[in-house]
Amino acid sequence: MDAFTTLSGLVAPLDRANVDTDAIIPKQYLKSLKRTGFGAVLFDEWRYLDQGDLTSDHAKRRANPDFVLNDARYAGAKILLARRNFGCGSSREHAAWALRDYGFRCVIAPSFADIFFNNCMKNGMLPVALDDARVDALFAAVESQPGYALSVDLPSQKITAPDSEEIPFEIEAAQKHRLLNGLDDIALTLEHADLIRQYEDRRKKEAPWLFGRVA
Amino acid sequence: MTAETLYDKLWRRHVVHLADDGTALLYIDRHLVHEVTSPQAFDGLRESARKPWRASSVLAVPDHNIPTAENSAEDPVSQLQVAALAKNCSAFGITEFGMDDPRQGIVHVIGPEYGATLPGMTIVCGDSHTSTHGAFGALAFGIGTSEVEHVLATQCLLQRKSKNMRVTFSGALPPGVGAKDAVLALIGKIGAAGGNGCAVEFAGAAVAAMSMEARMTVCNMAIEAGARAGMIAVDQVTLDYIKGRDYAPAGEMWERAQADWRELHSDAGAAFDNEVEFDVSQLAPQVTWGTSPEMVAGIDAAVPDPAAERDPARRENMERALRYMDLQPGTPIREIKPDSVFIGSCTNSRLEDLRAAASVVKGKKVAKSIKQALVVPGSGLVKRQAEEEGLHRVFREAGFEWRNPGCSMCLAMNADRLAPGERCASTSNRNFEGRQGRGGRTHLVSPAVAAAAAIAGRFADVREF
Ligand code: SF4
């Protein structure tokens with residue numbers, strides 16, 4: 001996994017609550033066998049006026065001029081600002097892959113759906129939860145100031161606004177450590193292989209029915 | 001010992017290692033796998049030359065994008081994904097109920113059917129509706145593809161404990177009102193994020209009176225309230241359901257297992273971080289009118305007016321939803337006319353669901369205005385049992401199509417989907433924009449209400465049928 005330390009970039013505002021994973025990436029793209037290439041279809045149904053699928057040439061599709069990411073002002077944005085319960089719905093990691101592939105490394109919202117939050121962390125992306133008032137203020141600032149950018153600093157857990165205001169944020173220590181160092185979770189877990197085997201040996205005696213083979 | 005909740009007990013039993021900061025390595029007993037969220041995980045294993053830690057704990061089945069119409073050819077892209085699952089399972093020694101296996105079906109329907117889902121287990125799947133299995137007193141939740149790979153490689157997940165929440169459904173459900181109505185009304189009350197960060201236990205007299213099928217419907221929808229997991233304590237209903245299933249313990253092992261499972265309930269006096277009490281005795285059948293499951297109303301109500309909403313963000317959300325749904329504030333729910341009806345999905349495709357729908361449909365005809373009415377049984381077993389009871393004839397004679405098992409129009413990855421602007425009465429779990437096809441409009445309802453809508457050509461009160 002890629003490490004995340006600091007990030008400075010343009011902010012794009014997506015002013016909707018409960019943005020679900022079907023909206024982030026619709027089902028037809030889930031037929032892909034890969035993890036990459038989903039950036040072009042991020043927010044597909046809002047972003048394009050015509051229907052696309054895995055075989056479409058997205059550069060040739062009709063862009064929806066009213067959708068925020070199609071506004072030249074937000075081209076190249078690296079930080080997405082959103083409302084409560086962002087990423088609700090399915091477990092599809094394609095949602096995180098699509099945001100990442102598009103260029104977003106950080107999403108700021110009042111709250112996130114659990115599975116989406118984990119999926120971000122597994123892909124070197126930082127979801128930052130800030131309180132509603134703070135998010136409201138950021139929306140106002142982004143919309144009124146063209147070129148509005150933020151600097152995110154994970155080691156010191158601070159976001160710095162253009163006027164030098166500092167916004168602290170919370171993150172669990174273990175998650176921070178893994179993100180900062182871009183650690184491979186599986187390799188870390190396998191360092192505990194002996195503990196896992198001990199656990200299994202104990203449970204096989206206590207509850208052998210849990211170890212029956214499905215066939 | 002201190003009083004524990006059901007979730008506390010399930011959690012405690014599965015902690016392999018607890019780090020200083022509270023992150024636990026949690027052991028996973030059962031891993032369910034389907035074709036859409038697994039290919040990249042298997043590739044990851046290959047790239048790092050890893051093997052499944054315990055292949056015998058994994059059960060795989062293709063369900064999301066398979067065709068459900070008789071003799072329909074699968075689109076080549078979906079075919080690749082289904083073929084990749086078969087190939088990965090055989091390469092890694094994983095049991096798969098393949099396309100031609102009579103046991104094939106929706107992953108959350110088949111797990112319980114064959115006893116692959118057992119009380120006391122931790123159960124994961126790369127699918128958010130894994131919460132369904134919590135109905136058996138299990139800790140079951142959805143994971144992303146990186147986590148699928150992690151569980152395959154280590155049999156564990158890194159997790160932090162969620163908060164304990166209990167929803168008590170008190171009272172008795174009125175006739176014609178079921179588990180789906182209760183859980184939709186609950187989400188309407190607590191919101192689509194009402195369970196964020198929580199493992200939710202469903203309890204109370206109404207739950208105790210429910211069949212396992214109904215309990216699965218409730219736990220299935222826990223994720224739509226934003227919960228990490230939904231669960232229900234083990235009781236005699238649970239044990240009766242499991243006994244004799246293919247992978248359930250038998251003989252002396254059954255006796256030991258059931259003694260253990262009887263502990264799987266919250267102790268008296270156990271502390272919950274959040275408690276919700278919900279009286280269902282006056283509940284009406286529910287119909288969603290918007291694009292989030294929290295946007296729901298009783299059959300006798302009307303589409304709400306955003307102008308009456310004081311919170312500006314909520315108001316804007318409502319307005320956007322009504323625009324998408326092409327509905328006017330104040331329209332009685334009963335005047336809304338669906339174009340299609342879908343009875344299926346892991347929420348409502350079990351035998352009991354089909355029976356409830358069939359009893360409404362029997363001897364009647366689907367309204368002429370309905371373009372398509374689908375019944376998609378949740379599994380091969382459900383289909384066979386329904387056919388033994390003659391339900392397929394009831395549906396066909398009324399004008400429904402009787403399909404093969406799969407996810408079908410719940411997420412419209414296969415050919416079953418709405419055209420732009422089409423309105424659907426659906427027994428599935430998500431009414432998100434585009435969920436059942438780009439531009440499609442979904443109203444979530446119970447199987448009985450879906451059946452009544454098919455006959456009446458508008459939403460109708462099933463209690464009058
Ligand atoms: S039926 Fe629908 S919700 Fe259930 S697993 Fe399939 S796609 Fe997901």
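Computed from the coordinates by the stated procedures, all read-outs in this text should not be read as laboratory data. What you are looking at is a predicted structure, and each value in this text was computed from that prediction instead of being measured. Every residue, glycine as well, gets a Cβ built from its backbone with ideal geometry; the counts of neighbours run over all protein chains shown.
Evaluate peptide A:201-211: per residue, the Cβ atoms of other protein chains within 10 Å of its Cβ; return the mean as an integer. List each step's numbers first, then the result.
Working: counts 0, 0, 5, 0, 0, 3, 11, 4, 17, 12, 4.
The mean count of partner-chain Cβ atoms within 10 Å per residue comes to 5.
So for each of B:449-455, A:170-176, B:209-215 I average, over its residues, the number of other beta carbons within 10 Å; can you give me the resulting order with the highest mean first?
Ranked from most to least packed, the peptides come out as B:449-455, B:209-215, A:170-176.
What percent do you get for the relative contact order of the stretch A:147-215 when only Cα pairs under 8 Å and 6+ apart count? Present the calculation step by step, with values, prior to reporting the outcome.
On the way: 37 pairs, mean separation 10.7, N = 69.
With pairs under 8 Å counted, the relative contact order is 16 percent.
Could you name the aspartates and glutamates whose alpha carbon sits less than 17 Å from that of B:LYS371, not counting residues in the same chain fewer than 8 places away?
Those aspartates and glutamates meeting the cut-off are B:ASP339, B:GLU397, B:GLU401, B:ASP416, B:GLU422.
Where in the stretch A:1-79 are there trypsin sites (Lys or Arg not before Pro) that are in a DSSP coil and have at most 14 other Cβ atoms within 10 angstrom of their Cβ? Numbers along the way, then the final one.
Numbers: sites: A:ARG16, A:LYS27, A:LYS31, A:LYS34, A:ARG35, A:ARG47, A:LYS60, A:ARG61, A:ARG62, A:ARG73, A:LYS78; in loops: A:ARG16, A:LYS34, A:ARG35, A:ARG61, A:ARG62, A:LYS78.
Counting only loop positions with at most 14 other Cβ atoms within 10 Å, the trypsin sites (Lys or Arg not before Pro) in the stretch A:1-79 are A:LYS34, A:ARG62.
Taking the Kirkwood radius as the inverse of the mean 1/r across Cα pairs, report the Rg/Rh of the protein assembly as shown.
Details: Rg = 23.8 Å, Rh = 25.2 Å.
On the Cα set of the protein assembly as shown, Rg over Rh gives 0.94.
Using Cα pairs under 8 angstrom and six or more residues apart, how large is the relative contact order of chain B, in percent? Intermediate results must be reported in sequence, preceding the final value.
Details: 1129 pairs, mean separation 79.3, N = 465.
The normalised contact order for chain B reaches 17 percent.
Only sites in a loop by DSSP and with at most 10 other Cβ atoms within 10 Å count here; which trypsin sites (Lys or Arg not before Pro) in the stretch B:287-319 make the cut?
On the way: sites: B:ARG310, B:ARG314, B:ARG315; in loops: B:ARG310.
Listed in order of number, the matching sites are B:ARG310.
List the equivalent ellipsoid semi-axes of the stretch B:1-104 in whole Å, largest first, each obtained as the square root of 5λ for an eigenvalue λ of the Cα gyration tensor.
Values: eigenvalues 235, 63, 28 Å².
Ellipsoid semi-axes (Å, largest first): 34, 18, 12.
Report, as an integer, the average count of C-beta atoms from other chains found within 10 Å of each Cβ along A:114-123. Walk me through the numbers on the way to the answer.
Values: counts 14, 11, 2, 3, 7, 5, 1, 3, 8, 3.
That average works out to 6.
Give the angle, between 0 and 90 degrees and rounded to the nearest 10, that separates the Cα long axis of helix A:132-144 from the longest principal axis of the Cα atoms of chain A.
With rounding to tens, the tilt is 40 degrees.
Can you give the relative contact order of the stretch A:6-181 as a percent, counting alpha carbon pairs under 8 Å and 6+ residues apart? Please report the intermediate quantities before stating the final value.
Details: 328 pairs, mean separation 45.7, N = 176.
Reported as a whole number, the value is 26 percent.
Would you tally the net charge around B:GLN236, using a Cβ to Cβ cut-off of less than 12 Å, leaving B:GLN236 out, and scoring K and R as +1, D and E as -1?
On the way: positive: B:LYS243, B:ARG262; negative: B:ASP235, B:ASP240.
Residues close to B:GLN236 contribute a combined charge of 0.
What is the distance in Å between the Cα centroid of the stretch A:137-183 and that of the stretch B:310-343?
If we compute the Cα centre of each part, the gap is 37 Å.
Compute the distance from the alpha-carbon center of the stretch A:1-53 to that of the stretch B:152-207, in whole Å.
Value for the Cα centre distance between the two parts: 29 Å.
Leaving out same-chain residues fewer than 8 places away, which lysines sit with a Cα under 17 Å from that of A:LYS78?
Cross-link targets: A:LYS158.
Taking every residue in B:138-146, how many Cβ atoms of other protein chains lie within 10 Å of its Cβ, on average? Spell out each step's value before the answer.
Details: counts 0, 0, 0, 3, 5, 7, 17, 10, 12.
Mean inter-chain Cβ contacts per residue within 10 Å come to 6.
Counting only residues 5 or more places away or on other chains, whose amide H sits under 5 Å from the amide H of B:SER72 once H atoms are built in the peptide plane?
Residues meeting the criterion, in which the H sits 1.01 Å from N, do not exist here.
B:ARG384 versus B:ASP305, label points 7 Å from Cα toward the beta carbon: distance in nm?
5.6
If only Cα atoms are counted, what is the Rg of chain A, and what is its Dmax, in Å?
Using the Cα atoms of chain A, the pair Rg, Dmax is 19.9, 65 Å.
Summing +1 for each Lys or Arg and -1 for each Asp or Glu, what net charge is found among the other residues whose Cβ lies under 11 Å from the Cβ of B:ARG13? Can you show the working numbers first?
Values: positive: A:ARG202, A:ARG203, B:LYS9, B:ARG12; negative: A:GLU206, B:GLU4, B:ASP8, B:ASP29, B:ASP260, B:GLU263.
Computed value for this residue: -2.
How large is ³J(HN,Hα), in whole Hz, for each residue of the stretch B:55-67 in order, when computed from phi with the Karplus curve 6.51 cos²θ - 1.76 cosθ + 1.60 and θ = phi - 60°, using x for Gly and Pro?
For the stretch B:55-67, the Karplus curve yields 4, 6, 8, 9, 10, 10, 7, x, 8, 5, 10, 7, x Hz.
Quick one: of A:LYS205/B:LYS180; A:LYS31/B:LYS362; A:LYS204/B:LYS161; A:LYS34/B:LYS337, which pairs are farther than 29 Å apart, Cα to Cα? Write down the numbers at each step before the final one.
Details: A:LYS205/B:LYS180 39 Å; A:LYS31/B:LYS362 38 Å; A:LYS204/B:LYS161 24 Å; A:LYS34/B:LYS337 40 Å.
Result: A:LYS205/B:LYS180; A:LYS31/B:LYS362; A:LYS34/B:LYS337 exceed 29 Å.
So how far, in whole Å, is the C-alpha centre of the stretch B:360-381 from the one of the stretch B:1-59?
For the stretch B:360-381 versus the stretch B:1-59, the Cα centre distance is 39 Å.
In straight Cα distance, which lysines are under 24 Å from B:LYS163, not counting same-chain residues fewer than 8 positions off?
A:LYS122, A:LYS176, B:LYS9, B:LYS189
For a distance above 21 Å, tell me the whole-number percent of Cα pairs in the stretch B:329-443 that qualify. Don't jump to the answer; show the numbers that get you there.
On the way: 2263 of 6555 pairs.
Value for the stretch B:329-443: 35 percent of Cα pairs lie more than 21 Å apart.
Which residues' amide hydrogens lie under 5 Å from the amide hydrogen of B:ALA302, considering only partners 5 or more residues apart or on another chain, with H built in the peptide plane?
The answer is B:ILE333.
Using the count of nearby Cβ atoms within 10 Å as a rough guide to exposure, how do B:HIS133, B:HIS392, B:HIS64, A:HIS58 rank from fewest to most? Working shown, then result.
On the way: B:HIS133 33, B:HIS392 19, B:HIS64 25, A:HIS58 14.
Listed from fewest to most nearby Cβ atoms, that is A:HIS58, B:HIS392, B:HIS64, B:HIS133.
Taking R0 as 51 Å, what FRET efficiency do you get between B:ASP20 and B:LYS362 from their Cβ-Cβ distance, rounded to the nearest 0.05? Can you show the working numbers first?
Numbers: r = 62 Å, r/R0 = 1.21.
Calculated value: 0.25.
In whole Hz and in residue order, list the ³J(HN,Hα) couplings for the stretch A:154-159 that follow from phi through the Karplus curve 6.51 cos²θ - 1.76 cosθ + 1.60, θ = phi - 60°; x for Gly and Pro.
6, x, 9, 6, 9, 10
Which length gain, in nm to one decimal place, applies between A:THR55 and A:GLU200 when the Cα-Cα distance is subtracted from 0.36 nm times their residue separation?
On the way: separation 145, 0.36 × 145 = 52.20 nm, distance 4.58 nm.
That pair, A:THR55 and A:GLU200, stretches by 47.6 nm at full extension.
If each residue's Cβ is checked for other Cβ atoms within 10 Å, how do B:CYS89, B:CYS346 rank with the fewest at the top?
Fewest-to-most Cβ neighbours within 10 Å comes out as B:CYS89, B:CYS346.
Just to be sure I understand: of the beta bridges DSSP finds with both ends in chain B, what percent are antiparallel, rounded to 5? Mind showing how you got there, number by number?
Values: 13 of 53 bridges.
Percentage antiparallel, nearest 5: 25.
Ratio of alpha-carbon Rg to the 2.2 N^0.38 Å globular estimate for chain B, to two decimals, please.
Working: Rg = 21.4 Å, N = 465, 2.2 N^0.38 = 22.7 Å.
Against the empirical 2.2 N^0.38 Å value, I get 0.94 for chain B.
Hey, fewest Cβ within 10 Å first, where do B:TYR7, A:TYR29 land in order? Kindly include the intermediate steps, with their values, before the conclusion.
Numbers: B:TYR7 26, A:TYR29 21.
Starting with the residue having the fewest Cβ neighbours, the order is A:TYR29, B:TYR7.
Can you tell me which of A:LEU130, A:LEU49, A:LEU190 moves the most in a GNM of chain A? Springs connect C-alpha atoms under 10 Å apart.
Sorting by GNM fluctuation, first place goes to A:LEU190.
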